[in-house]
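Engineer: I have a structure here, written as structure tokens, and I will follow up with some questions on it.
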Amino acid sequence: MLLEDKIAELIEPVLAPLEFRLVRVSFANGTLQIMAEPIDENLEMTVEHCAKISRGVSAVMDVEDPIKSGYQLEVTSPGLSRPLVRPEDYARFAGELAKVSTKMLIDGRKRFNGRLTGIDDNQIISIDTASGPVSLSFDAIESAKLDPSEWFLKPLKSRKKG
């Protein structure tokens with residue numbers, strides 16, 4: 001099991017009662033980054049939320065001690081260019097612009113930019129690119145994130161929170 005997966009298993013039960021969901025765990029160069037968001041999609045992540053999560057995560061990490069070396073804990077929100085990590089992210093953000101990189105070449109490319117059109121029951125993601133629609137298996141995706149460029153052009157009242 002990867003260290004990030006082990007840490008996710010340890011901290012997800014801490015986040016749920018605090019009314020947050022885990023977006024991603026990453027550990028690199030001595031920094032443990034916990035990316036979380038409020039379960040209530042209408043709430044914005046605040047510095048106070050990050051501090052609350054940090055206290056809860058620190059307590060579990062101190063007891064379980066999955067990282068044997070020193071590290072810096074960093075709690076963040078997903079931000080506007082939010083990573084798309086789970087299959088449900090592709091359904092939730094259907095209609096939004098995204099940047100997707102694949103593990104292997106697909107039609108001679110590894111990078112796809114376009115509008116997400118959803119994900120089906122077989123975990124095939126659809127993205128409408130400038131060169132036409134593309135279907136990608138969830139397992140083929142190396143990384144994906146929302147492209148916030150269009151978000152800044154929307155009037156304030158119509159901006160979706162992500």
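Computed from the coordinates by the stated procedures, all read-outs in this text should not be read as laboratory data. From a predicted model like this one, the values you see are computed outputs, not experimental measurements. Glycine gets a Cβ as well: all are built from the backbone with ideal geometry, and neighbour counts include every protein chain shown.
Engineer: If a residue must be surrounded by 15 or more Cβ atoms within 10 Å (Cβ to Cβ) and within 12 Å of Ser137 (Cα to Cα), how many such residues does region 107-123 contain?
Structural biologist: 1
Engineer: Anything in region 77-115 that is in contact with a helix residue (DSSP H, G or I) (Cβ under 7 Å, 6 or more places away or on another chain) and closer than 30 Å to Val57 by Cα? List them, or say none.
Structural biologist: Leu80, Ser81, Leu84, Pro87
Engineer: Another question about this same structure. Kindly establish whether Pro87 is touching a Phe, Trp or Tyr at 6+ places or on another chain (Cβ under 6 Å) and within 29 Å of Asn29 (Cα to Cα).
Structural biologist: yes
Engineer: Let me ask something additional. When Gly114 is evaluated against the numbered criteria (1) in contact with a Ser or Thr (Cβ under 7 Å, 6 or more places away or on another chain); (2) within 20 Å of Leu15 (Cα to Cα), which criterion, by number, is the only one it fails?
Structural biologist: That leaves (2) as the condition not met.
Engineer: Which condition does Val57 not pass, out of (1) part of a loop (DSSP other than H, G, I, E, B); (2) in contact with a strand residue (DSSP E or B) (Cβ under 7 Å, 6 or more places away or on another chain), if it passes all the others?
Structural biologist: The failed condition is (1).
Engineer: Suppose we keep only residues that are surrounded by 13 or more Cβ atoms within 10 Å (Cβ to Cβ), in a strand (DSSP E or B) and not aliphatic (A, V, I, L, M) within region 95-106. Which one would you say is nearest to the chain's Cα centre (by Cα)?
Structural biologist: Out of the qualifying residues, it is Lys99.
Engineer: Looking at His49 and the list (1) in a loop (DSSP other than H, G, I, E, B); (2) within 19 Å of Val23 (Cβ to Cβ), which single condition is not satisfied?
Structural biologist: With respect to (1) in a loop (DSSP other than H, G, I, E, B); (2) within 19 Å of Val23 (Cβ to Cβ), His49 is out only on (1).
Engineer: So, of the residues in region 1-38 that are among the β-branched types (Val, Ile, Thr) and buried (at least 17 other Cβ atoms within 10 Å of the Cβ), which turns out to be farthest from the chain's Cα centre (by Cα)?
Structural biologist: Val14
Engineer: Among Glu88, Glu74, which is loosely packed, with under 12 Cβ neighbours inside 10 Å and either touching a residue at least 24 places away in the same chain (Cβ under 8 Å) or of a type in the set (D, E, K, R) (or both)?
Structural biologist: Glu88
Engineer: Working only within region 14-36, note down all residues that are touching a residue at least 24 places away in the same chain (Cβ under 8 Å) and out of contact with any Ser or Thr (no Cβ under 9 Å at 6 or more places or on another chain).
Structural biologist: Once the filter is applied, which keeps residues that are touching a residue at least 24 places away in the same chain (Cβ under 8 Å) and out of contact with any Ser or Thr (no Cβ under 9 Å at 6 or more places or on another chain), region 14-36 yields Val14, Leu15, Leu18, Phe20, Arg24, Phe27, Thr31.
Engineer: Kindly establish whether Arg55 is over 20 Å from the mean Cα position of the chain (by Cα) and either on the phi < 0 side of the Ramachandran plot or surrounded by 17 or more Cβ atoms within 10 Å (Cβ to Cβ) (or both).
Structural biologist: So Arg55 passes the test.
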